[in-house]
Amino acid sequence: MSTQKKLHFETLQLHVGQESADPATDSRAVPIYQTAAYLFHNSQHAADRFGLRDAGNIYGRLTNSTQGVFEERVAALEGGVAGLAVASGAAAITYALQNIVQAGDHIVAADNLYGGSYNLIVHTLANQGVSNTIVKVNDLDALEKAIKPNTKVVFAETSQARAAFDSG
């Protein structure tokens, strides 16, 4: 939305990602597209979509118009340039870490992590060649000593995040 800076927070909540009403119905509500399949006009069109040379929907798990509006709105409300909606906090943490680390990198993590985060770092990412050091969450000396030249992430979770996970 080119006028995001001029609009108030409340207006952004309602309009980013769907600046014009639905052309078929004039609805201001974002339509919900219950589909996972999209038409390709020919093999070149499909190749361009999957090669990211042509913007557009390609598969329901990768792109979805309804989700796209949500992602644009959250990004606008938070002052970001883009957003990504995923199905869970665990998925968000996985995406975030895998975006930063690769084989040969190192993570320093707090010893009081939610079980899913702990297993991701200590088992899953370790199996992918990412080493880790777990430190006592309040021991700043141990934290400082654990940082190596290849450390890309220092990871901790707040008690509020843990409370959200623990309460379901």
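Brief remarks follow.
- Listed values [x] 52, 19, 13; [y] 38, 22, 15; [z] 28, 21, 15, entry calculated as semi-axes √(5λ) of the Cα gyration tensor in Å: [y]
- Highest-MSF residue in the chain out of ALA55, ALA76, ALA91 [GNM, Cα springs under 10 Å]: ALA55
- Filtered trypsin sites (Lys or Arg not before Pro), the range 5-44: DSSP coil and at most 15 other beta carbons within 10 Å: ARG28
- Carbon/sulfur fraction of accessible area - the range 1-138, other protein chains in place, 1.4 Å, %: 54
- Whole-number accessible area per residue in Å² for the range 55-107, which is evaluated in the context of all protein chains at 1.4 Å: 59
- Fluctuation leader among ILE107, ILE134, ILE32 - the chain, Gaussian network, Cα springs under 10 angstrom: ILE32
- Antiparallel bridge percentage (DSSP; both residues within the chain; nearest 5): 0
- On the beta carbon distance between GLN128 and ALA29, with R0 = 45 Å, the FRET formula returns roughly 0.60.
- Using the Cβ-Cβ distance between GLN98 and SER20 with R0 = 30 Å, the FRET efficiency computed as 1/(1 + (r/R0)^6) comes to roughly 0.25.
The values are calculated or read from the model by the stated rules, or taken from the named source; none is laboratory data. What you see is a predicted model, and the numbers here were worked out from it, not measured in a lab. For neighbour counting, all protein chains shown are included, and Cβ atoms are generated from backbone atoms with ideal geometry for every residue, glycine included. Areas reflect the complete protein model, heavy atoms only, side chains present, ligands, DNA and RNA absent. Shrake-Rupley method; radii C 1.70, N 1.55, O 1.52, S 1.80 Å.
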